[in-house]
Amino acid sequence: MKSNLSRLLLITLLLAVFPSLASAQTVTKTLALEIKNVPKIPDVATIQSMSNPDQTPDSAPVDPITVNAPILQQYLAQKGSPLAPFAAEILQNDNWKLVLAISNGESTMCKHQLYNNCWGVGGAWNLKRYESFAKGFADVDQLLANKYIPSGADTPKEIVRKYVGNYSPTWVSAVSQTLAQLDQLPLLQN
């Protein structure tokens, strides 16, 4: 089990750090990995010890946020989102995928926003002001957890009328597209 987890961790890290240089392929039960022109890569024990340097490599638990933050940061950077530096903070929220997807529907992932409010909270005439993107993200996460998800509204089609005020196929499409992209990222599950 540890061997498979170690392989998964190594492959995820390689693809996140060197997406154009690394490729992996599974043939039956053998894993083939080709790396070209890559500087020295730390071994699995070193990577695992980065999550908790006080523990020995064999007993160190793998922290999903530590592993997933660079992957999410790269995704956000590729989208040109100013949220990229906040990847680790984003991953600490329970509904982070949905909150991030809504930011795409509202502000193209924070490219077009005011007051660190990438989610349109408050509406055009009473737009809420946040100290930072991280605080805004956490507030929207709580809003979804308290007012939407308990009533079963946890998909773009179920949220749109209450969140936007009317049905917007463009908003639903933008939010749904982002959710689908996030589901395709090679993220380590909690």
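Rundown of residues vs (1) touching a residue at least 40 places away in the same chain (Cβ under 8 Å); (2) touching a helix residue (DSSP H, G or I) at 6+ places or on another chain (Cβ under 8 Å), yes/no style:
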site: ALA145; (1), (2): yes, no
site: SER151; (1), (2): no, no
site: VAL160; (1), (2): no, yes
site: PRO169; (1), (2): no, no
site: LEU179; (1), (2): yes, yes
site: ASP183; (1), (2): yes, yes
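Checking each residue in region 144-176 for being over 13 Å from LYS97 (Cα atoms) and of a type in the set (S, T, N, Q) picks out ASN146, SER151, ASN166, SER168, THR170, SER173. The residues listed here are SER173, SER168; of these, the one that is assigned by TED's automatic domain parsing to the domain that holds ALA84, surrounded by fewer than 15 Cβ atoms within 10 Å (Cβ to Cβ) and of a type in the set (Gly, Ala, Ser) is SER173.
Summed over region 82-99, residues that are in contact (Cβ under 8 Å) with a residue 40 or more places away in the chain and farther than 10 Å from ASP141 by Cβ total 5.
Of the residues that make up region 115-123, is at least one farther than 29 Å from VAL67 by Cα and exposed (fewer than 13 other Cβ atoms within 10 Å of the Cβ)?
Within region 115-123, the first condition is being farther than 29 Å from VAL67 by Cα, and the residues that meet it are 115, 120-123.
Now drop any that are not exposed (fewer than 13 other Cβ atoms within 10 Å of the Cβ), which leaves 122-123.
Yes, region 115-123 contains at least one residue that is farther than 29 Å from VAL67 by Cα and exposed (fewer than 13 other Cβ atoms within 10 Å of the Cβ).
The values are calculated or read from the model by the stated rules, or taken from the named source; none is laboratory data. All of these numbers come straight from a predicted model, not from anything done at the bench. When we count neighbours, we look across all protein chains shown, and the Cβ atoms used for this are built from the backbone with ideal geometry, even at glycine.
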